[in-house]
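The values are calculated or read from the model by the stated rules, or taken from the named source; none is laboratory data. Keep in mind it's a predicted model, so treat the numbers as computed, not measured. Using ideal geometry, Cβ is built from the backbone for each residue, glycine included, and neighbour counts are taken over all protein chains shown. Accessible surface is based on the protein model in full, side chains and every heavy atom, while ligands, DNA and RNA are left aside. Shrake-Rupley method; radii C 1.70, N 1.55, O 1.52, S 1.80 Å.
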Amino acid sequence: MTQRSKFRSWLVPALLGSAAALGASALYSVSKAREAKQRHPPIGSFLTVDGVRLHYVERGQGQPLLLIHGNGTMIQDYLVSGIVDELAQRYRVIIIDRPGYGYSERPRALWTPRAHATLFQKALQQLGVSQAVVLGHSWGSLVAVALALQAPRLVRGLVLASGYYYPTLRADVILFSPPAIPVLGDAMRYTISPVISRLLLPGLIKAMFAPASVPDRFDREFPKELMLRPSQLRASAEDAAMMTPVTIELQEHYRELKLPVVIVTGADDQIADVGRQSERLHGEIANSELIVVPGMGHMIHHLAPEQVVAAVELASKHARAAAA
């Protein structure tokens, strides 16, 4: 047998085996995604903005309050934290699944915080909201800032929780961005990415709450399976890839924020460094207040819900005073 024949005799079975493995992974991923949707159907209502179908939930009555979730999560992140139950006693709380998360669509586009903000501004108009206090967590804080910059008459006050505002080198961006790559990323998110993500997810969730423990309610009630669907993996990967570029642009405009801003964060956040992010932003925005909760990590709305509710009340109070 020639060297070329030996190579072919090895290559063909290897290629067939790889194709079979990828095919099996794809079937597994699709099956798991279908199962996740069956177990966790939509919990809210839908509206269509600029051709994008958005899933949202409303609770309570009063002054509108928009909650914007971070990367990888969805509406249930706020519901499971318990702050919605408290805030709905005094506010009309609106939570929208960001494009690609939960049950909101994500057409192929460049989904920057400003693109999110434009969509959310129009969504609020459809819902009859002319003014609102806005709370953004983590990646959602960038959307909240963009919305305040683009629609200053709409946003009365900002609450920015555990945010990332300035560009830094981040290993997670490199690690989680590949599924965002066109074609290659599409293949990954239907084959190996859901399998790998399923293995990594417990550790990632633990890191988000560290140094505190993951609350039992989150572990029990949050629909983790929805996070592993190919559609949501693409959204999360695209947002991860955008983190540094979008902060380079947005950081040039933070001083333009003239509305009341309350920044709240855990002192031991292991995802967004407090000194390089929240404290620096506080120093740059004249009308801001900073709440740092000792011993708490990134998921501050779960770990210190009372302080997050207090931050909303403070922003709302300052907004009322500014309007008087």
Condition met for G163 (touching a Ser or Thr at 6+ places or on another chain (Cβ under 7 Å) and open to solvent by less than 30 Å² (accessible area, probe 1.4 Å)): yes
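Working carefully through the options A146, A210, find the one that is modelled with pLDDT of 95 or more and touching a Pro at 6+ places or on another chain (Cβ under 6 Å).
The conditions single out A146.
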Name every residue in the range 230-272 that is surrounded by 16 or more Cβ atoms within 10 Å (Cβ to Cβ) and part of a loop (DSSP other than H, G, I, E, B), in order of residue number. Q251, L257, L259, P260, D268, D269, I271, A272
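Is there a residue being aromatic (F, W, Y) and under 21 Å from M227 (Cβ atoms) anywhere in the range 42-56?
Start the filter on the range 42-56 by keeping residues that are aromatic (F, W, Y), which leaves 46, 56.
Of the ones still in play, those that are also under 21 Å from M227 (Cβ atoms) are 46, 56.
For the range 42-56, residues aromatic (F, W, Y) and under 21 Å from M227 (Cβ atoms): present.
Conditions tested, residue by residue: (1) open to solvent by less than 60 Å² (accessible area, probe 1.4 Å); (2) modelled with pLDDT of 80 or more; (3) over 23 Å from the mean Cα position of the chain (by Cα).
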| residue | (1), (2), (3) |
| --- | --- |
| F7 | no, no, yes |
| A26 | yes, no, yes |
| D50 | no, yes, no |
| L65 | yes, yes, no |
| T73 | yes, yes, no |
| V80 | yes, yes, no |
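Just a yes or no: is a residue in the range 91-98 buried (at least 16 other Cβ atoms within 10 Å of the Cβ), of a type in the set (D, E), touching a residue at least 40 places away in the same chain (Cβ under 8 Å) and over 23 Å from A272 (Cα atoms)? Full working, then the answer.
Taking the range 91-98 first, the residues buried (at least 16 other Cβ atoms within 10 Å of the Cβ) are 91-98.
Next cut, of a type in the set (D, E) only: 97.
Add one more test, that the residue is touching a residue at least 40 places away in the same chain (Cβ under 8 Å), and what stays is 97.
From the residues that got through so far, the ones that are over 23 Å from A272 (Cα atoms) too are none.
Scanning the range 91-98 turns up no residue that is buried (at least 16 other Cβ atoms within 10 Å of the Cβ), of a type in the set (D, E), touching a residue at least 40 places away in the same chain (Cβ under 8 Å) and over 23 Å from A272 (Cα atoms).
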Of all residues in the range 116-145, how many are farther than 16 Å from H69 by Cβ and open to solvent by 20 Å² or more (accessible area, probe 1.4 Å)? 9
Extreme residue, surrounded by the fewest Cβ atoms within 10 Å (Cβ to Cβ), among residues of the range 278-288 that are within 20 Å of V312 (Cβ to Cβ) and either at pLDDT 95 or above or small (G, A, S) (or both): H282
